[in-house]
Every structure is written in structure tokens, then in C-alpha cells.
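The values are calculated or read from the model by the stated rules, or taken from the named source; none is laboratory data. Computed from a predicted structure; not experimentally measured. When we count neighbours, we look across all protein chains shown, and the Cβ atoms used for this are built from the backbone with ideal geometry, even at glycine.
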Amino acid sequence: MVTRELRRMLDPDWVWTVILRYMPSAEPAPATIDATDARLLLELVANPRATGVELATRLGLSRNTVQARLARWEAAGVLAGFERRVDPRALGYRLAAFVAVVVDQHRLADVVAELAEIPEVTEVCGTTGQTDLTVRVVARDADDLYRITGAILKIAGVQRTNMALVMQQLVGPRTAPLLQRLAGADESAAPRPDAGRQDTGENSVQFRRTGR
């Protein structure tokens, strides 16, 4: 038996309403990333401090080509800011949780603005389903987490919340597998300058298991 909620989710008009509500309207179209871009980005993932000359040498590209692509990515917002690389645990925030929030739809924008004012809120996403927002928060300890969730509940327009504590991060935020897939599109057409030499792992992408 199809429930009313399921029928609503299958309604194309409702789906487009949700998409348009959360779709950025003023942001430029994302930059197109080709296979050469992907190879260059993979090198940056493996060696974030590599210079333009080092990247050009490893990939067999000209320095001007590398610099032009880096400048294009920076202008298009392809490269995330340094802030995303800072681990909150190093700042003393040992706990993390996802808070699902049900919001009065007439106050959605105000609620998001209020959430952004809470320093421990690291991410807010609009979602479909039984709740409207998924909020990622960090906390120093259990008492701190209780205080933060209480602050969220006090926001005008928040109707109810449901929290899930992160016990362990099994797979961290990553884009390397996507870049590897895209880079493989021209792997045979554009071999690396070190092809044929024994792989020492110096230039390979390293994956590291992380956990709480």
C-alpha cells in the first residue's frame, strides 16, 4: 500500500519544488574538468605543497599549462579552501554528530542563518525525506554536545531534531577515486614521464584509514 508520504515523493512537481528550493540560483556553472585536469588534481591530493614546476615535471606538462589550469580552478572555485583541511579534533573537538532537523518551511532561511551563527556547526545540508536539514556539529565532550543541540532546538522555526553521534569515521571526505576514474580516460594517450620505472610510491595517491 502506497502511503501518502511516498505518493508525495513520487510526484514530479513536488520533486522539482524541492530541487529548486535548495538549488543555488546565483552561482556560476562549475568548471569543466578534463582528464589532464584530473591527473593534475591527483598530484595535488598526493602532494598539496608541490610547486608549479614540480607538478609540470611529474606530469610532463609545461609550467605555463599548469599555472593556467591552477588559475582557472581558483577563479571557478574548484579548489576548496584550506579551512576544509583542518581537523576539528586537533582543535579539541573530539565528538561529531549529525542532527536531523524538521523546520517550519516559512522560516527555513532564518533557521539556516541562525545555524550558521553557531561556531560548532560545520555543515548544513537541505535534504528530502522526513526531515528538512542535516546539520553536522562538533563538540568537545558530551556536555558540550548537549549544549549545542539545545541551542539548535531554541532557534525559532525548529520544530524537532534527531541526533546521530558519529562513533567512527570509516571513509573520510574524498574525491581521489573520482579523479582516478576521470584521469584514466587518457592514461594511454598521455603517459607519465616516469612510465617504465619501478614505482616507489613517491608520486602515488596514498589512502589512509582514519577513525574517531
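Tabulated values for the structure
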| item | result |
| --- | --- |
| Scope segment 125-143; condition within 18 Å of the chain's Cα centre (by Cα) and closer than 16 Å to Val166 by Cα; matching residues | Thr134, Val135, Arg136, Val137, Val138 |
| Residue count for segment 147-168, restricted to those that are over 17 Å from Gly92 (Cβ atoms) and loosely packed, with under 15 Cβ neighbours inside 10 Å | 11 |
| Count of residues meeting criterion [farther than 24 Å from Gly184 by Cβ and either surrounded by 14 or more Cβ atoms within 10 Å (Cβ to Cβ) or touching a Phe, Trp or Tyr at 6+ places or on another chain (Cβ under 8 Å) (or both)] in segment 53-85 | 2 |
| Tally of residues being assigned to a helix (DSSP H, G or I), over 16 Å from Thr175 (Cβ atoms) and either among the aromatic types (Phe, Trp, Tyr) or out of contact with any Lys or Arg (no Cβ under 9 Å at 6 or more places or on another chain) (or both) across segment 36-56 | 1 |
| Meets criteria (more than 23 Å from Pro177 (Cβ to Cβ), part of a helix (DSSP H, G or I), at pLDDT below 60 and not aliphatic (A, V, I, L, M)) for Glu5 | yes |
| Matching strands (runs of 3 or more DSSP E) fully within segment 63-173 where at least 3 residues are touching a residue at least 60 places away in the same chain (Cβ under 8 Å), of a type in the set (Val, Ile, Thr) and not assigned by TED's automatic domain parsing to the domain that holds Ala38 | none |
| Qualifying positions in segment 120-130 - on the phi < 0 side of the Ramachandran plot and surrounded by fewer than 17 Cβ atoms within 10 Å (Cβ to Cβ) | Thr122, Glu123, Cys125, Gly126, Thr127, Thr128, Gln130 |
| Yes/no for Arg63 being modelled with pLDDT of 90 or more, within 23 Å of Pro177 (Cα to Cα) and more than 21 Å from the chain's Cα centre (by Cα) | no |
| Test result for Ala109, closer than 26 Å to Asn162 by Cβ and at pLDDT 90 or above | yes |
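Okay, residues lined up against (1) under 30 Å from Leu41 (Cα atoms); (2) touching a helix residue (DSSP H, G or I) at 6+ places or on another chain (Cβ under 6 Å); (3) at pLDDT 95 or above:
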position: Leu91; (1), (2), (3): yes, no, no
position: Phe98; (1), (2), (3): yes, no, yes
position: Pro119; (1), (2), (3): no, no, yes
position: Leu145; (1), (2), (3): no, no, yes
position: Thr149; (1), (2), (3): no, no, yes
position: Gln159; (1), (2), (3): no, no, yes
position: Leu179; (1), (2), (3): yes, yes, no
